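K.L.:
Can you read through this structure? Questions will come right after.
The values are calculated or read from the model by the stated rules, or taken from the named source; none is laboratory data. The structure presented is a predicted model; accordingly, all values stated were derived computationally and were not measured. Neighbour counts are summed over all protein chains in view; Cβ atoms, including those assigned to glycine, are modelled from backbone coordinates with ideal geometry.
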Amino acid sequence: MTLPVKNLVAPLIAEPTTWLVGPVASTYKSNETITVYNLKSFFEVDSAGNPTTYPLGTSGPFVLQVDNEQILCSAADYFDNKVYIYSSTAGNGRGYNGTTIAAHQTGGYGSGQVSVVSTSTQSVLTQSQALGFSPSGIGGSIAETIPRMFASGNITPTSSQLRTTAVYLYAGQVISNITFATYTTAGATVTGTWGGLFTSNAGYSTFTLVAATAQQGVSSLAASSYFTWPIATIASGASSTYTVPTTGIYYIGVCITATTMPTLTGLFMTTAANGGAAPPLQAGTLTGSTNPASIGTTYTVGGSSNVIYYALT
């Protein structure tokens, strides 16, 4: 199907995949929609193909691939995980870009059945600007690992392990604080609390600490609360800020040592969706330490499919 839709851009980095939760017929029907398992990891890209935090459909049509068929879509309902197929007087979005219209059956975990091919584009903005969170975000946040509206998971980390999540940063941004939120379980008999910002090697197998907070010196962490820990050290020594040197993917993490670990607010994902493409959305469970590590400390990736909500201010 050829339709008058322009300026669609493919992601430079493959987005996570999902799957159908119901069958799709081999012919188009008026006002057709398709429902997938999870849309919350799908976002528009900018004109260079870099990820933004605009939901699909914010700027215009987008293309999904379902099995071998590409489908031009006009809107996405992130609450019901429903996608609306494009339709106009020129035609509909089924069998887009020369692909063949076909019937599709319900998929399953790890099938990678549904993926993003291309999206309408946004200009390069900070993540908080893209979602309109600034200044209504956490302390006027300049970046968040996931949109705050999607943070609904109750995730329990292991004591003395770093739980890190990817964030896209732009050169020149100045980071002063790391913020995260506990969920329903408080932390008790807490003996270590610190956080850091990390870069990765080309293969995302190791991660290096580039900025760290100080030891927070608290004995407990209340449930259902936000915590903001200021940057204290960078490569040049003591500093209250870290200036991002290069645009790209970074990772944020906190390390809590406690007898009773608090639960952290985040987003549950399938291992297949998170680990099926580079870069990983999280660096897994890195072996941490009670006290802040030295800048330049390198960690080997562990494994987890869950992402934590972090904000940078």
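K.L.:
Looking at Ser41, Ser59, Ser74, which one is farther than 22 Å from Tyr170 by Cβ and hydroxyl-bearing (Ser, Thr, Tyr)?
P.N.:
Numbers: Ser41 fails: farther than 22 Å from Tyr170 by Cβ; Ser59 fails: farther than 22 Å from Tyr170 by Cβ.
Among Ser41, Ser59, Ser74, only Ser74 is farther than 22 Å from Tyr170 by Cβ and hydroxyl-bearing (Ser, Thr, Tyr).
K.L.:
For segment 180-198, which positions are within 23 Å of the chain's Cα centre (by Cα) and surrounded by fewer than 18 Cβ atoms within 10 Å (Cβ to Cβ)?
P.N.:
Within segment 180-198, just Thr184 meets the criteria.
A quick yes/no check of all residues on (1) assigned by TED's automatic domain parsing to the domain that holds Val114; (2) at positive phi; (3) free of Cβ contacts under 8 Å to residues at least 40 places away in the same chain:
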position	(1), (2), (3)
Pro16	no, no, no
Leu20	no, no, no
Ser26	no, no, no
Asn38	yes, no, no
Asp46	yes, no, no
Asn50	yes, no, no
Val63	yes, no, no
Ser74	yes, no, yes
Thr89	yes, no, yes
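K.L.:
In segment 1-119, which strands (runs of 3 or more DSSP E) lie fully inside it and hold 2 or more residues that are among the polar types (S, T, N, Q)?
P.N.:
33-35, 51-55, 69-77, 114-119
K.L.:
Report every pair of residues separated by at least 6 positions or lying on different chains whose Cβ atoms are under 6 Å apart, first residue within segment 217-246 and in contact (Cβ under 8 Å) with a residue 60 or more places away in the chain, second small (Gly, Ala, Ser) and exposed (fewer than 14 other Cβ atoms within 10 Å of the Cβ).
P.N.:
Matching pairs, first to second residue: Val244/Ala171; Thr246/Ala171.
K.L.:
Out of (1) crowded, with 21+ Cβ neighbours inside 10 Å; (2) in the same structural domain as Thr246 (by TED's automatic domain parsing); (3) at pLDDT 80 or above, the odd one out for Ser118 is which?
P.N.:
Unmet condition: (2).
K.L.:
Only one of Pro135, Pro55 is at pLDDT below 90, under 24 Å from Ser152 (Cα atoms) and buried (at least 20 other Cβ atoms within 10 Å of the Cβ). Can you tell me which?
P.N.:
None of the others qualify; the one that does is Pro55.
K.L.:
Would you pick out the residues in segment 58-72 that are modelled with pLDDT of 90 or more and either over 12 Å from Phe42 (Cα atoms) or surrounded by fewer than 21 Cβ atoms within 10 Å (Cβ to Cβ) (or both)?
P.N.:
Result: Gln65, Val66, Asp67, Asn68, Glu69, Gln70, Ile71, Leu72.
Residue-wise test of (1) modelled with pLDDT under 80; (2) part of a loop (DSSP other than H, G, I, E, B); (3) assigned by TED's automatic domain parsing to the domain that holds Val114; (4) not acidic (Asp, Glu).
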{"site": "Thr199", "(1), (2), (3), (4)": "no, no, no, yes"}
{"site": "Gln215", "(1), (2), (3), (4)": "no, yes, no, yes"}
{"site": "Val254", "(1), (2), (3), (4)": "no, no, no, yes"}
{"site": "Ala278", "(1), (2), (3), (4)": "yes, yes, no, yes"}
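K.L.:
Now, a different point. With the condition kept exactly as written, say whether any residue in segment 238-249 is part of a strand (DSSP E or B), more than 23 Å from Thr52 (Cβ to Cβ) and at pLDDT 95 or above.
P.N.:
Yes, because at least one residue in segment 238-249 is part of a strand (DSSP E or B), more than 23 Å from Thr52 (Cβ to Cβ) and at pLDDT 95 or above.
K.L.:
State yes or no: is Ile13 surrounded by 16 or more Cβ atoms within 10 Å (Cβ to Cβ) and of a type in the set (A, V, I, L, M)?
P.N.:
When the stated conditions are applied, Ile13 does not pass them.
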